[in-house]
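Working notes for the structure below.
The values are calculated or read from the model by the stated rules, or taken from the named source; none is laboratory data. Keep in mind that this is a model prediction, so the values were computed, not measured. We work out accessible area using only protein heavy atoms, side chains counted, and drop any ligands, DNA or RNA first. Shrake-Rupley method; radii C 1.70, N 1.55, O 1.52, S 1.80 Å.
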Amino acid sequence: MRTDNPQARDIAQQELRDMLSSTEALLAALGSQTGDGIDELRERLTTTISDVKKALGSSFVASAREKIAKARDTATQVNEFVTE
């Protein structure tokens, strides 16, 4: 997913994240159901999740870490404000 347009890259990555989230939710919804069709769907969903994570690569992990750090900073600032 290489592009000279950072906005297009960000949009594509967000779409992949959304698809990943939906796929993981669908996989979770299958729960422990079994059957040939369900087992095949579970396998295909697991493969799709793996492929998307590879496509997002380290940028996904870096982005997630950045967002977590920002959330922690915000929580710390809110805590300090409330304490004062």
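If the condition is being at pLDDT below 75, among the aliphatic types (A, V, I, L, M) and open to solvent by 60 Å² or more (accessible area, probe 1.4 Å), then the stretch 1-60 contributes only Met1.
Could you list, in sequence order, the residues of the stretch 62-75 that are open to solvent by less than 70 Å² (accessible area, probe 1.4 Å) and farther than 17 Å from Gln13 by Cα?
Matches in the stretch 62-75: Ala69, Ala71, Ala75.
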